[in-house]
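This report refers to the structure that appears directly beneath it.
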């Protein structure tokens, strides 16, 4: 595509999407409510976010945030085991949950007229969760099987776990969200009850509602059901800064696999000041330039020209409570090694530093990012997720709504600058999957009980 055509496309796509009305309110107990009115369909996405994730765990008790998420479906003082999801299904809705490093979120998608019912249910399990020892013991077997299925039996997932465990030496991001198996084997119901009592409180939660609703009505519902719950003092959070990396780190994982695999992780900034920071947006543009389409640099150079790679991918997430990683993953083509693949990737990164990026590449990347952002606005669930993540890591819906102008403002020199400063050897961790010469076992489908959560 020519630069003229790209600019024409950008003229269509780069205009900021129309933003639905977004209103916020904080209850007296400290719980925040964010409502985005979107009346395109008579449905609603309701999410309650707790500002607690694996980053808040301690050694020996990893996996507690995720385990507590599981237990939230196992009954309260008024709701028997499984009743929460059964009632949502009766209303024709869907519910689920997920745990991350920085947060835990519970969500429902259903008819807007039934919002009051799920808000009442969420208030019940915020204050009335019951963690019985026998139920907890059964659920721990599910969690351990989930770990086996998602990580232990999947070499690339296990390699990703090792990448983070090596790239971070002090920060709790080094521990997997699902927890280390030895910790899971030794967790108790008392551990989960203590975790729930410390972190599940209205002043540590944000309710996000997006859909065909009236904001004032949602605020009244929240006040009725959540406003009566008392605030609690939150545990002190330590800064937990990661020491500066001063040299390349390497880790090798030997596991049954058909092909080797390579991961490069670079310490880069996360978004801290939503109005002033520009490096995270430049890194997003760089990610797109490297790997957003077949015309991007890494696929063009490694898949089609040199054919040294069978696959390549770049990823970066600026929305983190802690430090961020810019990660490049790749698999070598048959007959090629991970060593020469690593050299080829690093040569492409050095070329960005040395030569910069073209105006055409910049416009293409910005257009793709803005188009993706606009398409995401078609989903009420995605809008609610974007708002919730922003709230959990210290921002607000305003950061989400400022994405388009911030991306459009990035220059080619800024892209080159972040590559020069951050995608360098002293910030890099290399993780290599070395296949063992043993028969591989293809991961099975997840057990039925794992298909509901996470």
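If we scan region 323-334, do we find a residue that is buried (at least 20 other Cβ atoms within 10 Å of the Cβ) and over 30 Å from residue 54 (Cα atoms)? The answer is yes; a qualifying residue exists. Against the numbered list (1) in contact with a strand residue (DSSP E or B) (Cβ under 7 Å, 6 or more places away or on another chain); (2) at pLDDT 95 or above; (3) farther than 23 Å from residue 320 by Cβ, residue 267 comes up short only at (3). Residue 213 fulfils the conditions (1) over 27 Å from residue 372 (Cα atoms); (2) in the same structural domain as residue 61 (by TED's automatic domain parsing); (3) over 23 Å from the mean Cα position of the chain (by Cα); (4) touching a residue at least 24 places away in the same chain (Cβ under 8 Å) except for a single criterion, (1).
Taking residue 218 as the residue in question, decide whether it is buried (at least 17 other Cβ atoms within 10 Å of the Cβ), in contact with a helix residue (DSSP H, G or I) (Cβ under 8 Å, 6 or more places away or on another chain) and under 23 Å from residue 127 (Cα atoms). It would help to see each step written out before you state the result.
Numbers: buried (at least 17 other Cβ atoms within 10 Å of the Cβ): yes; in contact with a helix residue (DSSP H, G or I) (Cβ under 8 Å, 6 or more places away or on another chain): yes; under 23 Å from residue 127 (Cα atoms): yes.
It is true that residue 218 is buried (at least 17 other Cβ atoms within 10 Å of the Cβ), in contact with a helix residue (DSSP H, G or I) (Cβ under 8 Å, 6 or more places away or on another chain) and under 23 Å from residue 127 (Cα atoms).
Of the listed requirements (1) out of contact with any strand residue (DSSP E or B) (no Cβ under 7 Å at 6 or more places or on another chain); (2) buried (at least 19 other Cβ atoms within 10 Å of the Cβ); (3) in a helix (DSSP H, G or I), residue 298 misses just one: (1). Residues that are in a strand (DSSP E or B) and at pLDDT 95 or above within region 19-35 comprise 23, 24, 25, 26, 32, 33, 34, 35, listed in sequence order. Restricting attention to region 346-379, the residues that are out of contact with any helix residue (DSSP H, G or I) (no Cβ under 7 Å at 6 or more places or on another chain) and under 15 Å from residue 419 (Cα atoms) add up to 7.
With the condition being free of Cβ contacts under 8 Å to residues at least 24 places away in the same chain, I'd like the strands (runs of 3 or more DSSP E) fully within region 36-150 carrying at least 1 qualifying residues.
Details: elements: 43-50, 94-99, 104-111.
Those strands (runs of 3 or more DSSP E) span 94-99.
The number of residues in region 158-213 that are more than 25 Å from residue 76 (Cα to Cα) and out of contact with any helix residue (DSSP H, G or I) (no Cβ under 7 Å at 6 or more places or on another chain) comes to 12. If you go through region 354-392, how many residues are surrounded by 21 or more Cβ atoms within 10 Å (Cβ to Cβ), out of contact with any strand residue (DSSP E or B) (no Cβ under 9 Å at 6 or more places or on another chain) and under 24 Å from residue 206 (Cβ atoms)? Summing the residues that are surrounded by 21 or more Cβ atoms within 10 Å (Cβ to Cβ), out of contact with any strand residue (DSSP E or B) (no Cβ under 9 Å at 6 or more places or on another chain) and under 24 Å from residue 206 (Cβ atoms) in region 354-392 gives 2.
Condition (residue is buried (at least 18 other Cβ atoms within 10 Å of the Cβ), closer than 16 Å to residue 415 by Cβ and in contact with a helix residue (DSSP H, G or I) (Cβ under 8 Å, 6 or more places away or on another chain)) applied to region 301-309: is it met by at least one residue? Looking for residues that are buried (at least 18 other Cβ atoms within 10 Å of the Cβ), closer than 16 Å to residue 415 by Cβ and in contact with a helix residue (DSSP H, G or I) (Cβ under 8 Å, 6 or more places away or on another chain), one finds none in region 301-309, hence no. For region 426-454, filtering for residues that are surrounded by fewer than 13 Cβ atoms within 10 Å (Cβ to Cβ) and modelled with pLDDT of 95 or more leaves 1.
The single residue among 406, 321 that is within 24 Å of residue 103 (Cβ to Cβ), touching a residue at least 12 places away in the same chain (Cβ under 8 Å) and part of a helix (DSSP H, G or I) turns out to be 406.
The values are calculated or read from the model by the stated rules, or taken from the named source; none is laboratory data. Note that this is a predicted model, so its numbers are computed, not measured. We place every Cβ from the backbone using ideal geometry, glycine too, and count neighbours over all the protein chains shown.
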